[in-house]
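Take a look at the structure below.
The values are calculated or read from the model by the stated rules, or taken from the named source; none is laboratory data. Here the structure is a predicted model, which means the values were calculated and not measured. Every residue, glycine among them, receives a Cβ derived from its backbone with ideal geometry; neighbour counts consider all protein chains shown. With ligands, DNA and RNA removed, areas are computed over all heavy atoms of the protein, side chains included. Shrake-Rupley method; radii C 1.70, N 1.55, O 1.52, S 1.80 Å.
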Amino acid sequence: MQPLSQIEGTFVDVDGRYVIVVGRFNHHVVDSLVEGAVDSLTRHGVDVENIHIVHVPGAWELPLAVKRVLNVMKPDAVIALGAVIRGGTPHFEYVAGGCNTAINHLQLEFDTPVANGVLTVESIEQAIERAGTKAGNKGTEAAMAAMEMVSLLRALPVGDSQ
Ligand SMILES: Nc1c(NC[C@H](O)[C@H](O)[C@H](O)CO)[nH]c(=O)[nH]c1=O
Ligand SMILES: CC(=O)[C@@H](O)COP(=O)(O)O
């Protein structure tokens with residue numbers, strides 16, 4: 001039996017232009033996500049001059065800023081960070097759902113990784129747990145995913161439909 005062909009991204013030579021788009025809402029949590037993302041990028045060899053941070057008011061505004069970044073800055077990857085914490089009304093569903101659906105569509109539309117580091121949680125405690133304490137750091141995870149996808153897409157041929 002022929003060996004199976006396997007292609008995956010690595011974390012070698014992943015330098016490139018990374019743009020972190022940050023929703024400022026719940027900044028006491030989001031600041032830790034940004035710190036985790038930047039630390040991950042620089043520790044894997046991304047030049048700090050190739051890391052750009054764009055701030056928006058909240059998660060609802062992330063997709064529009066991501067779209068403009070993709071259009072104008074031509075990044076190798078975007079890392080979307082934010083913290084959507086459920087409150088007392090259905091607003092959570094619309095903000096979280098709208099943001100996640102839109103940023104996923106944008107990565108497909110622009111053929112560019114948009115890593116999802118937007119927390120969608122039930123409580124501040126859950127947010128804190130995922131911003132560098134007992135449940136890891138979703139900013140770090142999003143940066144790792146962004147770098148791996150940059151590496152993978154560089155290894156994959158570009159189809160004629162792109
Ligand atoms: N409640 C949260 C929000 N709400 C604000 C929206 O994102 C948006 O800025 C506003 O509706 C104006 O358009 N944003 C978060 O990022 N996290 C939340 O928990
Ligand atoms: C995600 C939200 O918009 C939410 O945190 C706002 O809180 P509330 O639903 O109590 O207005």
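Among the residues making up region 137-160, those that are small (Gly, Ala, Ser), closer than 24 Å to Val46 by Cα and open to solvent by 30 Å² or more (accessible area, probe 1.4 Å) are Ala145, Ala155. For Val46, the criteria (1) on the phi > 0 side of the Ramachandran plot; (2) touching an Asp or Glu at 6+ places or on another chain (Cβ under 7 Å); (3) touching a residue at least 40 places away in the same chain (Cβ under 8 Å) hold in every case but one, which is (1). Candidates Ala102, Ala80: the one that is within 18 Å of Gly136 (Cα to Cα), modelled with pLDDT of 95 or more and aliphatic (A, V, I, L, M) is Ala80. Within region 68-121, restricting attention to residues that are away from ligand 2 (no atom under 16 Å from the Cβ) and out of contact with any helix residue (DSSP H, G or I) (no Cβ under 9 Å at 6 or more places or on another chain), which residue is least open to solvent (accessible area, probe 1.4 Å)? Ranking the qualifying residues of region 68-121, first place goes to Val69.
Using the structure shown, decide if Val56 is hydrophobic (A, V, I, L, M, F, W, C) and touching a strand residue (DSSP E or B) at 6+ places or on another chain (Cβ under 7 Å). Taking the combined requirement at face value, the residue satisfies it. From the list Glu35, Glu61, the one residue that fits, being more than 23 Å from Gly132 (Cα to Cα), open to solvent by 20 Å² or more (accessible area, probe 1.4 Å) and modelled with pLDDT of 95 or more, is Glu61.
Apart from one condition, Val30 fits all of (1) over 25 Å from Val121 (Cα atoms); (2) of a type in the set (Val, Ile, Thr); (3) assigned to a helix (DSSP H, G or I); the exception is (1).
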